[in-house]
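Shown next, in structure tokens, is the structure this report addresses.
The values are calculated or read from the model by the stated rules, or taken from the named source; none is laboratory data. Just so we're clear, the structure is a prediction, and the values are computed from it rather than from any experiment. Cβ placement follows ideal geometry from the backbone for every residue including glycine, while neighbour counts extend to all protein chains displayed. Only protein heavy atoms, including side chains, enter the accessible area calculation; ligands, DNA and RNA are left aside. Shrake-Rupley method; radii C 1.70, N 1.55, O 1.52, S 1.80 Å.
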Amino acid sequence: MAMCQVEFELACAAVKQLKNPMSDQEKLQLYSLYKQATQGDCNIPEPPTSEVKATAKWEAWNKNKGMSKMDAMRNYVAKVEELKKTEAG
């Protein structure tokens, strides 16, 4: 558990160092995995559809329902590694 937590925290820091802009899809994926890793299943009510950005974030997080915090951390780290490789060329 501790090792995964450390890798997750390093990945959270590494995301801020990325220079290439991320697509909205990549941002949503990282957001949803971060929320799942830190808070577990989506625990907020679905926002009104008029709030497009909030709805997209809610839907992305809600798709991870049932995923363990540990798996979410692993997936987050893997996604950050993928983005770092892309940036390195």
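Before moving on, here are some points about what is shown:
- Applying the condition of being open to solvent by 30 Å² or more (accessible area, probe 1.4 Å) and in a helix (DSSP H, G or I) to the range 1-10 and asking which residue is nearest to THR55 (Cα to Cα) yields GLU9.
A quick yes/no check of all residues on (1) of a type in the set (Phe, Trp, Tyr); (2) not in a helix (DSSP H, G or I):
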| site | (1), (2) |
| --- | --- |
| GLU26 | no, no |
| TYR34 | yes, no |
| ILE44 | no, yes |
| LYS84 | no, no |
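- Matching residues in the range 48-72 - criterion: being touching a Leu at 6+ places or on another chain (Cβ under 8 Å) and either without any contact (Cβ under 8 Å) to a residue 12 or more places away in the chain or crowded, with 19+ Cβ neighbours inside 10 Å (or both): LYS57, ALA60, ASN64, ALA72
- The set of residues from the range 49-80 being farther than 20 Å from ASP24 by Cα and not hydrophobic (A, V, I, L, M, F, W, C) comprises LYS65, GLY66, SER68, LYS69, ASP71, ARG74.
- Restricting attention to the range 11-47, the residues that are surrounded by fewer than 12 Cβ atoms within 10 Å (Cβ to Cβ), within 16 Å of the chain's Cα centre (by Cα) and farther than 21 Å from LYS65 by Cα total 5.
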